[in-house]
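Participant: The structure that follows is given in the form of structure tokens.
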Amino acid sequence: MASILAVDDSASMRKMVSFTLRAAGYDVEEAEDGVDALQKAQARQFDCVVTDVNMPNKDGITLIRDLRALPQYKFVPMLMLTTESGMEKKMEGKAAGATGWMVKPFNPDQLLKTLLKVLG
Amino acid sequence: MSVDLSQFHEVFFEECFECLDLMETELSSLDLEDVDLEKLNTVYRSAHTIKGSGAMFGFDGASNYAHTLEKHLKSMHAGDVKITQETKDILFSAIDFLRGIITQLQNQQAVDQDNLQKHRDSIESELCRLAST
């Protein structure tokens, strides 16, 4: 089963996302912000990254941009979780290299469905 | 697959209290003559977290209330609105009020939604009034 790096500074969101993914059989590692995530992503290879946008230290969009600059993450699916339904943030995410995005609030089933889509 | 979201409620409540405490600390130490944007950003992000996570777990009243604060904090952070002592005082009272709401939710007490809405409207109009002066 695919390995996923789940990134969110909100503990409740992180727990919810990782619990849902683990329950569906994915191998999940959690990171608390972009800096933590970048470090973990370099320590081992993940098949997919699911990240929040607004975080301290390094936000989700910068994280995606930094990961895309690494050869081993050039083609890895990256899913952005955002509270903003506006086009501006989505376009910014897309330009940084996000594969897809989900607008909060969403339910666990929607997360799994979208993940299957970005995993191809 | 069905995931019981109520198992994350306690983590969410604790997270809210941490966010509210952090907002209070950062606002208290914020120098109005020389605003530290990083501090203001932390206050903004804390409101954003309560909004986002609150909506995820179905606490719409608390989420909407935090959204009102988030919106105004964003304008202050962007420099569109100057932050004054009066703004700080309103924010402190809003933080106290929201802490009370989260406590009620944690204790599984009924939240008076009309009162919540009324309070949110009054915070909103006060902050709008200050923003236009």
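The values are calculated or read from the model by the stated rules, or taken from the named source; none is laboratory data. Bear in mind that the values here come from a model prediction, so they are computed numbers and not experimental data. For neighbour counting, all protein chains shown are included, and Cβ atoms are generated from backbone atoms with ideal geometry for every residue, glycine included.
Participant: Mind checking which residues of region B:1-32 are surrounded by fewer than 18 Cβ atoms within 10 Å (Cβ to Cβ), of a type in the set (Asp, Glu) and either at pLDDT 95 or above or under 19 Å from B:Lys74 (Cβ atoms) (or both)?
Facilitator: B:Glu10, B:Glu14, B:Glu18, B:Asp21, B:Glu24, B:Asp31
Participant: Next up: Go through region A:86-110 residue by residue and tally those that are out of contact with any helix residue (DSSP H, G or I) (no Cβ under 6 Å at 6 or more places or on another chain) and either within 12 Å of chain B (Cβ to nearest Cβ) or under 17 Å from A:Ala2 (Cβ atoms) (or both).
Facilitator: 5
Participant: Let me ask you something else. Would region A:37-50 turn up any residue that is farther than 24 Å from B:His48 by Cα and of a type in the set (Asp, Glu)?
Facilitator: Start the filter on region A:37-50 by keeping residues that are farther than 24 Å from B:His48 by Cα, which leaves A:39-48.
After this cut, where a residue has to be of a type in the set (Asp, Glu) as well, the list is A:47.
Within region A:37-50 (the criterion being farther than 24 Å from B:His48 by Cα and of a type in the set (Asp, Glu)), the answer is yes, since at least one residue qualifies.
Participant: With respect to the numbered conditions (1) at positive phi; (2) in contact (Cβ under 8 Å) with a residue 60 or more places away in the chain, which one is the sole condition not fulfilled by A:Asn57?
Facilitator: Going through (1) at positive phi; (2) in contact (Cβ under 8 Å) with a residue 60 or more places away in the chain one by one, A:Asn57 breaks only (2).
Participant: Those residues that are in contact with a Leu (Cβ under 9 Å, 6 or more places away or on another chain) and facing chain B (nearest Cβ under 10 Å), I need them from region A:44-62; list them, please.
Facilitator: A:Asp52, A:Val53, A:Met55
Participant: Within region A:96-111, work out how many residues are over 20 Å from B:Asn64 (Cβ atoms) and not in a loop (DSSP other than H, G, I, E, B). Full working, then the answer.
Facilitator: Initially, region A:96-111 is screened for residues over 20 Å from B:Asn64 (Cβ atoms), giving A:96-102, A:108-111.
Right, trim to not in a loop (DSSP other than H, G, I, E, B) and you get A:96, A:100-102, A:108-111.
The qualifying residues number 8.
Participant: Where residues in region B:1-50 are in contact (Cβ under 8 Å) with a residue 60 or more places away in the chain and of a type in the set (Phe, Trp, Tyr), which of them is nearest to the other protein chains (Cβ to nearest Cβ)?
Facilitator: Here the residue is B:Phe13.
Participant: Scan the strands (runs of 3 or more DSSP E) fully inside region A:1-78 and keep the ones with 2 or more residues being buried (at least 18 other Cβ atoms within 10 Å of the Cβ) and in contact with a Gly (Cβ under 7 Å, 6 or more places away or on another chain).
Facilitator: Working: elements: A:3-7, A:27-31, A:48-52.
In region A:1-78, A:48-52 are the strands (runs of 3 or more DSSP E) which contain 2 or more residues that are buried (at least 18 other Cβ atoms within 10 Å of the Cβ) and in contact with a Gly (Cβ under 7 Å, 6 or more places away or on another chain).
Participant: Does region A:1-14 hold any residues that are of a type in the set (A, V, I, L, M), farther than 16 Å from A:Pro108 by Cβ and more than 11 Å from chain B (Cβ to nearest Cβ), and which are they? Write out each step before concluding.
Facilitator: Looking only at region A:1-14, we keep the residues that are of a type in the set (A, V, I, L, M), and these are A:1-2, A:4-7, A:11, A:13.
Restricting the remaining residues to those that are farther than 16 Å from A:Pro108 by Cβ gives A:1-2, A:5, A:7, A:11.
Hits for region A:1-14 are A:Met1, A:Ala2, A:Leu5, A:Val7.
Participant: Could you say whether any residue in region A:15-37 is within 14 Å of chain B (Cβ to nearest Cβ), farther than 18 Å from A:Leu115 by Cα and over 12 Å from the mean Cα position of the chain (by Cα)?
Facilitator: Initially, region A:15-37 is screened for residues within 14 Å of chain B (Cβ to nearest Cβ), giving A:15-26, A:28, A:30, A:32-34.
Now narrow it down to the ones that are farther than 18 Å from A:Leu115 by Cα: A:32-34.
Now drop any that are not over 12 Å from the mean Cα position of the chain (by Cα), which leaves none.
There is no residue in region A:15-37 that is within 14 Å of chain B (Cβ to nearest Cβ), farther than 18 Å from A:Leu115 by Cα and over 12 Å from the mean Cα position of the chain (by Cα).
Participant: Output yes when any residue across region A:64-85 is farther than 30 Å from B:Val43 by Cβ and of a type in the set (Ser, Thr, Tyr), and no when none is. Don't jump to the end; show me each part of the working.
Facilitator: Residues of region A:64-85 farther than 30 Å from B:Val43 by Cβ: A:68-77.
Pick out the ones that are also of a type in the set (Ser, Thr, Tyr) and you get A:73.
Yes, because at least one residue in region A:64-85 is farther than 30 Å from B:Val43 by Cβ and of a type in the set (Ser, Thr, Tyr).
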